[in-house]
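Below is one structure, written out as structure tokens, with a few remarks after it.
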Amino acid sequence: MMAMPDAIYGGHSGVTSSDKPLEYRDPNQSVKILGFWLFLATDMLLFGCLFATYLVVRTHTDGGPTARSIFDIPGFTLETFFLLTSSFTGGLSTLAMRNGNKKALVSWFAVTIALGLAFIGLEVHEFIGDVASGATWERSAFLSAFFTLVGTHGSHVTVGLVWMFLTLLQVAKRGITPITARKVFVVNLYWHFLDVVWVFIFTVVYLSGRVM
Amino acid sequence: MPSGFMQFADKYLMWKEGPMIWGSDVAILLVSIGIVFVLTYFHKWKWLWREWITTVDHKKIGIMYLICALLMLFRGGADAELLRTQLAIPNNHFLSAEHYDQIFTTHGTIMILFMAMPFIFALFNIVVPLQIGARDVAFPYLNAISFWLFFFAAMLFNLSFVFGGSPDASWVSYPPLSELGFDPGPGENYYLLALQITGIGSIATGINFLATIFKMRAPGMKLMHMPLFTWSTVAACVVIIFAFPALAIAIALLTLDRIFGTHFFTILHGGNPMMFVNLFWVWGHPEVYIVVLPAFGVYSEVVATFARKRIFGYSSMVASLMLISVISYFVWAHHFFTMGAGADVNTFFAVASMLVGIPTGVKVFNWLFTMYRGRIRMTLPMLWTIAFVPCFAIGGATGIMLAAAPADYQYHNSYFLIAHFHQVLIGGVVFGMLAGMYYWWPKMFGFKLDERLGRWAFWFFNIGFYVCFMPQYALGFMGMQRRMYTYPADMGWNTLNLISTIGAYIMAIGFVFIVIQVLYSVKYGERDLTGDPWDGRTLEWSLPSPAPHYNFAVIPTVTSRDVWWELKEQGRTDELKPKAEDIKPIHMPKNSARPFFMGLAFFVAGFGFVFDSMWLGFLGLAGVVACLIARALEYNDDYHIPVHEVVETEATLGRLG
């Protein structure tokens, strides 16, 4: 590992102090966490626009499949269960990182990835079923917006899985350092964010689609 | 020639389109050969690669942005001259209707996305780290990625002219006109992909500069000590991160419609074209504030420096910047009052549009009060600033007229609107960017731009501006609509159109003078040996021109606003000169070629999707992913400059205290 520099390129935003969580101690790393929060703000707005579009065209089914006819309650409930649980285990991995417990960190990462894979598997299964029944995104504006909104979330989750796996490899190889601690923290921020987005998809898309 | 080649030439190279395409082909070929020849002849390839293409130094990235912005100002300006030539006389057939559509599309898109945006990013990069006492931005590697995404997106967009055809659905590209059914061919795809790629870079820049300003200020520099250009960067970056995602979604969904057959904005199958219009302007209106806020920052610096006074009403300047950045988000529907959203919605957006004028007015009064009883020096930056005030005031007044929703039904999409937004965008943004370029040019290159030639440019450009655009207000009232490629002789528009075209030519002469001025000044411009050629007030003027690549050998401690000016007043400037014993190893980011390759991969992906070539598109995206993974696994991306090297550099500059 490289020597911890006393300062970032600007050189002064804070001294290394031990009363902060590990991922925040090195100013070179904590500035990246701030940057990532700002990125999440832009990503939230991205989803906001997709939600707005979905809400505008959700009833524009053009005589094709409707929300009520394609949303499968056991399917999306199970997806929700997997994703929300993975967010919890992701949180446990952050906790393990702060406790300096590398083994627990790697294990919780593995569990989180497994749950994420289960979520993606179910979603792909759901999409394939929809398409097979003629509910393709070329069919109507509603389906275009549905597949794009939920699919954008799904592709985010996929990116998150690859990213978490890469982070796992780095932790396994390098241990818990200020750099890997920051990486663990940031990938978990991303993961929790996707969880929050899913809560809105669950409510705005699936639940409302079944009852409204 | 083989018939296969001729088919290719007809379809993609558009050789049947006539001399403009041939001329461009020849020009591109000659310029490319010229560049290759010069680089090879002078053995500069390695220099180009090491010093520029792989650099992560904010000062060099800023200079590259500036060069691109000036080139794009030329391209967009050439478009404008063609449009005005076509409109000079009635029933003109200098351009066909189709070419006219393409040219007003590229003119608008280039001026906003590929001229104004890189111009403000140039100034962010060159100025902000120096003003806040930092050695680089928070994420130098990401900064390089932003630049190369912009660069390759601009290349992709400009390529459309000679390969496949330019976009022709205007810079707003409203569906259903811009949907596949009405606008087949690659042109519109070029527009969508290029904007998507440069938009990603812009979001990254917004994040980068916010993190830089919040986390990397010199010790002691409180937020209310920051120079106003830095504050304007904060305001613009806040708007960037709130607005650009909406553009990303608008054009992504339109791209899905065109390439993957979805129905977001089509007329068929339940699509809603007005949703695009809303999303587009949720970005589009804040966008004009994104480009004008940094210009306001430039004016604040220039006025204080050349009136030799503290800026009047600093706190209200900051407050108005932040207010503008918030209100700018609530005015978008004034671009389509005629949509039929109803009186209540239109009233909300009309009132918000008028409200945004209030903080802007506060700023104008503050600039005027700063000049009041100041000892004003009429340098080039100050000239452009003074010219800005009346120009922007007229533009603002006509903006209030347009913001009145009922009256807007009369002005909507007429030449009145064209005159209005050119007045605020040229009078606000272009004047501001030129003022900023003149002001910080010595800091970038170590010499001033020639004052005399600059005055010629100034007067030609300004007089040309009024001659060009004042008649357009009248033409709007007389019923002339925007985007019409020709008009009958009996409308009573002939004289005013001819005058307007003459004005556009006069502005072109002004631009030519700027080019001459730059070329002349490279050799004969007054050299800046002190680092403080304007008797400035803020930290960047405490450094030599150009600044060493680590900027500050020792990071200064800031105790007040306008700290450099205070130290000069108190005769304490030597305190900012580094002492050899205070110098420590300096932590710097390493150069990287990856941002360049990432931009290239995005270019390949964009090019593939433009021509519906999925394999090429996904190949490019795979390249992007490869770059991301390589970065994730990278650990040695920084180094330390040893003390003796810094001491030597500072000694050579004669700055060791």
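The values are calculated or read from the model by the stated rules, or taken from the named source; none is laboratory data. Keep in mind that this is a model prediction, so the values were computed, not measured. Here the Cβ positions follow ideal geometry from the backbone for every residue, glycine too, while neighbour counts run over all protein chains shown. Calculation scope for accessible area: heavy atoms of the full protein, side chains included, ligands and nucleic acids excluded. Shrake-Rupley method; radii C 1.70, N 1.55, O 1.52, S 1.80 Å.
Quick notes
- Ellipticity estimate at 222 nm from DSSP helix runs (n ≥ 4, -39,500 (n - 2.57)) divided over chain A, nearest 500: -25500 deg cm²/dmol
- Prolate/oblate/rounded call for the range A:38-101, Cα gyration tensor, a/c under 1.5 rounded: oblate
- Fraction of accessible area attributable to carbon and sulfur, the protein assembly as shown (%, probe 1.4 Å): 71 percent
- Compared with the dominant principal axis of the Cα atoms in chain B, helix B:380-403 is inclined by about 40°.
- For the range B:2-69, applying the loop criterion from DSSP together with a ceiling of 15 other beta carbons within 10 Å to the trypsin sites (Lys or Arg not before Pro) yields B:K44.
- For the set B:D101, B:D490, the ranking by accessible area, highest first and with no ligand, DNA or RNA atoms included, is B:D490, B:D101 under a 1.4 Å probe.
- Distant-in-sequence amide H partners of B:F447 (H built 1.01 Å from N, under 5 Å): B:D528
- Links that overshoot a 26 Å alpha carbon limit, given the list B:K215/B:K590; B:K309/B:K363; A:K173/B:K215; B:K44/B:K577; B:K222/B:K584; B:K222/B:K577: A:K173/B:K215; B:K44/B:K577
- Label-point separation in nm, B:F348 to B:A630, each point 7 Å along Cα→Cβ: 4.8 nm
- Note on B:211-221: average number of Cβ atoms from other chains within 10 Å of each residue's Cβ is 5.
- In sequence order, the range B:93-110 has phi-based couplings of 10, 4, 10, 7, 4, 5, 5, 4, 4, 5, 6, 6, 5, 5, 4, x, 4, 5 Hz under the Karplus curve 6.51 cos²θ - 1.76 cosθ + 1.60, θ = phi - 60°, and Gly or Pro positions carry x.
- Angle of helix A:178-200 to the longest C-alpha principal axis of chain A, folded into 0 to 90 degrees and rounded to 10: 20°.
- For the pair B and A, total buried accessible area rounded to nearest 100 Å², probe 1.4 Å: 3800 Å²
- Residues whose amide H lies under 5 Å from that of B:Y639, counting only those 5 or more places away or on a different chain, are B:M588, B:K590; hydrogens are built 1.01 Å from N in the peptide plane.
- Bridgeable lysines around B:K448 (alpha carbons under 21 Å apart, same-chain partners fewer than 8 residues away excluded): B:K59, B:K60, B:K523.
- Toward the positive end of the charge dipole of the protein assembly as shown, with +1 on the Cβ of Lys and Arg and -1 on the Cβ of Asp and Glu, the farthest Cα among B:I514, B:N189, A:I120 is that of B:I514.
- Whole-Hz couplings from phi, Karplus 6.51/-1.76/1.60, listed for the range B:181-189; x for Gly and Pro: x, 9, 9, x, x, x, x, 5, 4
- Contact-buried residues of the range B:254-284, at a threshold of 10 Å² lost accessible area versus the chain by itself: B:L256, B:F260, B:G261, B:T262, B:H263, B:F264, B:H269, B:G270, B:N272, B:M275, B:L279 (1.4 Å probe; DNA, RNA and ligands ignored).
- Across the options B:T198, B:H263, B:Y299, the greatest Cα extent toward the positive end of the charge dipole of chain B (unit charges at beta carbon of Lys, Arg, Asp, Glu) belongs to B:Y299.
- Pairwise FRET efficiency - A:S107 versus B:R308, Cβ, R0 = 41 Å, nearest 0.05: 0.05
- Solvent-accessible surface, computed for protein heavy atoms with a probe of 1.4 Å, shrinks by 50 Å² or more for the following residues of the range B:574-593 when the other protein chains are added to the isolated chain: B:H587.
- Residue-normalised accessible area of the protein assembly as shown, expressed per residue, 1.4 Å probe, Å²: 39 Å²
- Each label was represented as a point 7 Å from its Cα along the Cα-to-Cβ direction; for B:T338 and A:E138 these points are 3.5 nm apart.
- Ellipticity at 222 nm from helices only: DSSP H runs of n ≥ 4 in chain B, each -39500 (n - 2.57), divided by the residue count, give -21000 deg cm²/dmol.
- All other residues whose Cβ lies under 14 angstrom from that of B:Y415 are scored, Lys and Arg at +1 and Asp and Glu at -1, for a net of +3.
- Burial here means at least 10 square angstrom less accessible surface with every protein chain in place than with the chain by itself, probed at 1.4 Å; in the range A:34-48 the buried residues are A:L34, A:G35, A:L38, A:F39, A:A41, A:T42, A:L45, A:L46.
- Under 5 Å from the amide H of B:S414 lie the amide H atoms of B:R482, each residue being 5 or more positions distant or on a separate chain, with H modelled from the backbone and absent for Pro and chain starts.
- Treating r as the C-beta distance of B:H43 and B:A319 and R0 as 60 Å, the FRET efficiency rounds to 0.65.
- Peptides B:447-454, B:281-288 ranked from most to least packed, by the mean per-residue count of other Cβ atoms within 10 Å: B:281-288, B:447-454.
- Distance (nanometres) between label positions extended 7 Å along Cα→Cβ at B:E526 and B:V31: 3.3 nm
- Given charges at Cβ of Lys, Arg, Asp, Glu: the protein assembly as shown dipole, positive-most of B:T85, B:P589, A:A110: B:P589
- Under the shape rule built on the C-alpha gyration tensor, where the axes satisfy a ≥ b ≥ c, the range A:22-211 is prolate, since a/c reaches at least 1.5 and a/b is greater than b/c.
- Computed from backbone phi, the HN-Hα couplings of the range B:636-650 come to 9, 10, 9, 8, 10, 7, x, 4, 4, 5, 5, 4, 4, 4, 5 Hz, rounded to whole numbers (Karplus: 6.51 cos²θ - 1.76 cosθ + 1.60, θ = phi - 60°; Gly and Pro given as x).
- Relative contact order, whole percent, for chain B stands at 17, derived from Cα pairs under 8 Å and 6 or more residues apart.
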